[in-house]
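Written below as C-alpha cells is the structure these notes are about.
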Amino acid sequence: MKPWMNRLLDTEQRVKELLAAMSLDDKLALMNGGTPDEKLSIPILKLNDGPGGVTGPHEQVGTQLPAPIALGAAFNQEAARIYGEVVGKDAQERGTSLLLGPTVNIARTPLNGRTFEGYGEDPLLSAATGTAVIQGIQEQGVMACVKHYAANNQEFDRFTQNSIIDERTLREIYLPAFEAAVREGKAASIMASYNRINGTHGAENMYLLQQVLKDNWQFDGFVVSDFLATQSTVPSLYAGLDYELTIPHKRFYGEPLKQAVADGQVSMAMIDDSAGRILRQMFSFGLFDREQVDSPASTPTPTPTPTPTPTASSPYIQHDEESLYLAEQSIVLLQNNNNVLPLTSTGSIAVIGQAAVNLIASGGGSAHVPNVSVMTPLAAMERRAGANLQVTYAPGTAPVPMGPSFVYPSPNVNLTIPPDRFDGGLIMTSYASYDLSGEPLHTQAMPNLRLNWQFDGVPYTSSAKWTGTLTPKESADYTFYLPASGGARLYLDGELIIDNWAFQTLYSIGRKRMESGISVQVEVHYKAVIGEHASLPSIALEWYAGTDHPLIEEAVRTASTADTAIVFVNDYMTEHFDKPSLSLPGMQDELIAAVAAANPNTIVVLNTGGPVAMPWLDQVAAVVEAWYPGQLGGEAIAKVLFGDTNPSGRLPMTFPKSLEQGPLSSTGQYPGIGLDTVYSEKLKIGYRWFTAEEEELLFPFGHGLSYTSFRYDAIEIKQVENDGLPRLQVSFDISNVGEHDGQAVPQLYVRYPSAAGEPALQLKNYAKLEIRAGGTTRAVMLLTPRSFSTWSTKRNRWEVSEGAFTILIGESSERIVLEAAVVPSREFAAAVEQCESVLHGLANPSHRN
C-alpha cells in the first residue's frame, strides 16, 4: 500500500508522504488543474460553480434554489444551513469535489450585476449566512471555495478595476464575511478576485492573501484564482496563490512556474506549501478514501412542463420541499395598505404581467442553475384559487430580455430568432484581434445566434462577426435585443440598430419596422470585453414582434373588471453586466401605473435580483418582493399571497427612492474614473449611510411586514461567561398580539460612542422566532467584545471603544422598538484580543412557542 493511502495515518503525515513521492511536474499539475501521474492515485479535483446551486452545461439540470440574495432576506441561519446542505448534496451526486461558492461580497451598489449572488449590504448578515451555507456544503464532503476575495463590488471593468479602499474599511465592512468563512466556517478554499485592491490584483495581493488570510487568520486551506484572473507567475506564488484556474494556452503556473523553479526564483518549499495545502484539504474531505463519482453524461434537455406538479419529485426537480421552504422564508411583504393581503378565495383576480408566466427563478452567470420545470406564478395562482375565485391573465408587456450565456432553455418566452427566419443560416467569422481586423481564424455556418463559447464547442475567439439574411413571416414593429458578454452591435440593411460596442448593457434595444416576406441583411459584431482577460464569450440575437402599448391597453381592460389586480414584474441580473439604472426594464413601470389607475386594489409582485425604483408606489395597495425564488417560487408566492404562509422575509439591502440617494454620489466612487473606484464613503455604506444622513427611503434595511403584529418589552442586559470569555447577554420579550401565527425577526443594533468614529447604527445580532397568536417568547442574544470593537490601523488589532454604547432592538434599521445603554467592563473590553470569532454567540433559532 502507498503510505499516503493509509487511513490510519493523520492528515499531515499523509500529505508529507505524498509530497515526497511527487515530482515537480506532479505538483505543478495539481496547482493548475492538470493530472498528476496516475500511479500516485491522486483524485481529480472536479470543480463546479455554485453560489446559488450547482451549475454546469444546460443538459445537467439541478436543484434551482432561490437566489442567494433571497437567502439573505430569510434572516435565518437554519435556512442557510439547509441551503448549503442541498447544494452540497447536489454537488456530491454530480461528482464535484470543489464547489466555487458561496459569494459573500458586500452589496455596495444596487447596480452591481451580481447583487443577487450575495447576501446583501451588511457584514454580519453576510458573514452569518455565508458561514452557515459553507457548513452545510462541507458537511456533505464537498469543499467550498468562498469568493470573491476581496472588495469585488461591480461588474463594470471587473477585470481591471482598482478598488481604492482604506484598511479600516476593509477590515470592518468588506472582510468580516471572509474572516467568518475561514475561522468559523472552516472553508477549504478562498477564490481571489479579478479586480485590483489598492493597485494590486486579488490573485497577487500579498497583503490580502498572505498577511491577512494566511498569517492573521491562520487559514490552512488553499487560494484559487478566479477564472483567468492570474496575472503573474512568481509574484502570484509569493503573494499566496496556490491554484490557478485557467485554460491551457493562458497559464502562468505549469511550465512558467517550472522555469521559475529552475531559475532559482521559486523554492521547492514554496511549491510544497501550495501543493500541500491542496492535498491537505483533499485528504481532510476524504477524496482519497472514497470512490470518485463521475460527472453524469450529458442528457437531452427534456421538454419544459407548462404546469409541473410542485410536490412530486422528478429527475429535473430535486429537493422540492427545501426549495419551497427557502422561497417562503425569503419573500418580503413591503407594503400592505388596508390589509389588501392576504387574498380571499372568492371574487375575481386579474393576473397581469409577462413575469407571471416567465418567472426568473435564478439569476445569470456562474450563479445560474439550469432547470426546466419551474412552477410559474400564474400556474400556482390558478391551482390555489379554487372554484369560487376567477383568475384571468394578460401579459401586459413584452418579456424581459435575458443574458445569452446561461439560460437553457430561457425561463422567459424564447426570444431567440428561430433558424427558419434566416435564409441558409448565419456565417460566423472569428478573429484573433479585438476589432475584427487581420486574417480570419475560423469560419463556420450557424442556424441562428445564441452562442456560449464555454458550452457550444466553438473555437475561442477575441472578436467575431455574423452575416446573413433575415426574413420575417409577419409585418410588425420589431424590437431587437443583443445581449453579449462583450462589445456588440447590430446592423440591419447597413443601418446601426444597436450599439453596445463601447459599453456593455443587457437592456439596450433597437426597433425596426419589417414587412412579411421582405428580407433584410443582418450583420452582428462582437468583441471580447478586454484583452487577455476575456472570459466565457457569449452572445445572442433576439427579437419580439410588436410593441407594448396594445398589451398595456389589454391589461387595463382585464384589470378594470376584476376585484383585485396582481401585477408581476421582473428584471434580469447577471455576471458581466451592471444595471444601467434602478428602473424596471421595458415599459413595466408604465404597466403598473396604468393598471393601478384602473383598479385601486392593485398588488405588485417583484421578481428582481435587488432594489428597483418604484415611481408608482403611492398608487398601489401592496408590494411583495419575491426575488429570484427558485424552481418552486410560483407556489411560494401564491402561498404568501393567499395567507397560507405568513411572510417573514426582511430586506438585506436598503431600497432607495433613486440613484441620487445613498453614499455613492460621484463618478469617482462608482463606476470609477479610469480604472480607479474610490471607496471614499468608507464605513458609511448601505443603511449605515441612510441612518446617518436621514434620507427618506422606499424601504429600509431589515424591513418586512407580517400578517400579524408583535410587541417588544422588558429588555435586560447582563454580563455572562461563555466558553471561558465574557459576553453581554441581551434578553427581551416578544409577544404576538395579532390574530395569526407568525415569525418575528428582532434585529439587534449597536450605537457606538461618538468618539469611536463609527456609523450611527450597526447590526450585531438577529433572530427568527416563530410565535403563535397570543403567545410570548423570551429572546436571548449574546454580544462578544468584537461586537463593540473597531479596527485600529495603528495597533493592527481590534479594540473596544471607551464610553457608553446603546443597544437597540428593531424591526428594521428605522423602526427601533427597544433600547438600553451599556458601558462594557474593562474585563469585557480586554477579552477582544482572545475573541477571534466574528459570529460567536449569534442566536438565530427558529422555533415555535
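For segment 702-727, a residue qualifies if it is at pLDDT below 95 and buried (at least 17 other Cβ atoms within 10 Å of the Cβ), and the qualifying residues are LEU725, PRO726, ARG727.
Going by the structure shown, is THR608 touching an Asp or Glu at 6+ places or on another chain (Cβ under 6 Å) and touching a residue at least 24 places away in the same chain (Cβ under 8 Å)? Yes; evaluated as a whole, the condition is true for this residue.
With respect to ARG650, is the statement that it is crowded, with 19+ Cβ neighbours inside 10 Å and not polar (S, T, N, Q) true?
Judged against the criteria, ARG650 is a match.
One residue alone among ASN112, ASN152 is under 15 Å from ALA367 (Cα atoms) and not aliphatic (A, V, I, L, M), and that residue is ASN112. Of everything listed in (1) in a strand (DSSP E or B); (2) small (Gly, Ala, Ser); (3) more than 17 Å from the chain's Cα centre (by Cα), the single unmet condition for GLY101 is (3). Only a single criterion out of (1) buried (at least 24 other Cβ atoms within 10 Å of the Cβ); (2) aliphatic (A, V, I, L, M); (3) more than 14 Å from the chain's Cα centre (by Cα) is not satisfied by LEU124, namely (1). Evaluated against (1) under 19 Å from GLY84 (Cβ atoms); (2) of a type outside the set (Phe, Trp, Tyr); (3) surrounded by 20 or more Cβ atoms within 10 Å (Cβ to Cβ), VAL212 falls short on exactly one condition, (1). Restricting the search to segment 23-59, which residues are part of a loop (DSSP other than H, G, I, E, B), surrounded by fewer than 19 Cβ atoms within 10 Å (Cβ to Cβ) and in contact with a Lys or Arg (Cβ under 7 Å, 6 or more places away or on another chain)? Within segment 23-59, SER41 is the sole residue that qualifies.
With respect to the conditions (1) without any contact (Cβ under 8 Å) to a residue 40 or more places away in the chain; (2) surrounded by 24 or more Cβ atoms within 10 Å (Cβ to Cβ), ALA20 falls short on a single one, namely (2). In segment 539-558, which residue that is within 34 Å of the chain's Cα centre (by Cα) and over 26 Å from PRO418 (Cβ atoms) is surrounded by the most Cβ atoms within 10 Å (Cβ to Cβ)? Result: ALA555. When SER583 is tested against (1) buried (at least 23 other Cβ atoms within 10 Å of the Cβ); (2) within 30 Å of SER538 (Cβ to Cβ), only condition (1) is not met. Mind listing whichever residues of segment 697-726 are in a loop (DSSP other than H, G, I, E, B) and either in contact with a Phe, Trp or Tyr (Cβ under 8 Å, 6 or more places away or on another chain) or closer than 21 Å to ILE809 by Cα (or both)? Across segment 697-726, the qualifying residues are LEU697, LEU698, PRO700, PHE701, GLY702, HIS703, GLY704, SER706, TYR707, THR708, SER709. Specify the residue that is surrounded by the fewest Cβ atoms within 10 Å (Cβ to Cβ); the eligible residues are those in segment 104-121 that are out of contact with any Pro (no Cβ under 6 Å at 6 or more places or on another chain) and not in a loop (DSSP other than H, G, I, E, B). Per the criteria, the residue is THR115. For segment 775-841, please list each of the strands (runs of 3 or more DSSP E) lying entirely inside it that holds at least 3 residues being in the same structural domain as ALA755 (by TED's automatic domain parsing) and either surrounded by fewer than 19 Cβ atoms within 10 Å (Cβ to Cβ) or aromatic (Phe, Trp, Tyr) (or both). Correct list: 776-783, 789-792, 797-800, 816-822. For segment 127-150, the criterion of a residue being under 22 Å from GLY674 (Cα atoms), of a type outside the set (A, V, I, L, M) and without any contact (Cβ under 8 Å) to a residue 60 or more places away in the chain is satisfied by no position. Considering PRO308, PRO370, the condition of being out of contact with any Cys (no Cβ under 8 Å at 6 or more places or on another chain), modelled with pLDDT under 95, part of a loop (DSSP other than H, G, I, E, B) and not assigned by TED's automatic domain parsing to the domain that holds ALA597 is satisfied by PRO308 alone.
ILE360 meets each of the listed conditions (1) touching a Phe, Trp or Tyr at 6+ places or on another chain (Cβ under 7 Å); (2) without any contact (Cβ under 8 Å) to a residue 12 or more places away in the chain; (3) not charged (D, E, K, R) apart from (2).
Scanning segment 621-629 turns up one or more residues that are more than 25 Å from the chain's Cα centre (by Cα), within 30 Å of LEU389 (Cα to Cα), small (Gly, Ala, Ser) and crowded, with 21+ Cβ neighbours inside 10 Å.
Counting only residues that are more than 30 Å from LEU769 (Cβ to Cβ) and more than 25 Å from the chain's Cα centre (by Cα), segment 669-693 holds 3 of them. Residue count for segment 129-172 under the criterion of being under 17 Å from THR103 (Cβ atoms) and of a type in the set (D, E, K, R): the result is 3. Residues of segment 815-833 being of a type in the set (D, E, K, R) and either closer than 30 Å to ASN216 by Cβ or at pLDDT below 95 (or both), which ones? Scanning segment 815-833 gives ARG826, GLU827, GLU833.
Conditions (1) part of a loop (DSSP other than H, G, I, E, B); (2) in contact with a strand residue (DSSP E or B) (Cβ under 9 Å, 6 or more places away or on another chain); (3) exposed (fewer than 14 other Cβ atoms within 10 Å of the Cβ), marked per residue:
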residue	(1), (2), (3)
GLN218	yes, no, yes
THR230	yes, yes, no
THR246	yes, yes, no
TYR253	yes, yes, no
VAL266	yes, no, no
ASP272	no, no, no
ARG280	no, yes, no
LEU287	yes, yes, no
GLN292	yes, no, yes
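The values are calculated or read from the model by the stated rules, or taken from the named source; none is laboratory data. Predicted, not measured: the structure shown is a model, and the values here were computed from it. With ideal geometry, Cβ positions are generated from the backbone for all residues, glycine too; neighbour counts draw on all protein chains shown.
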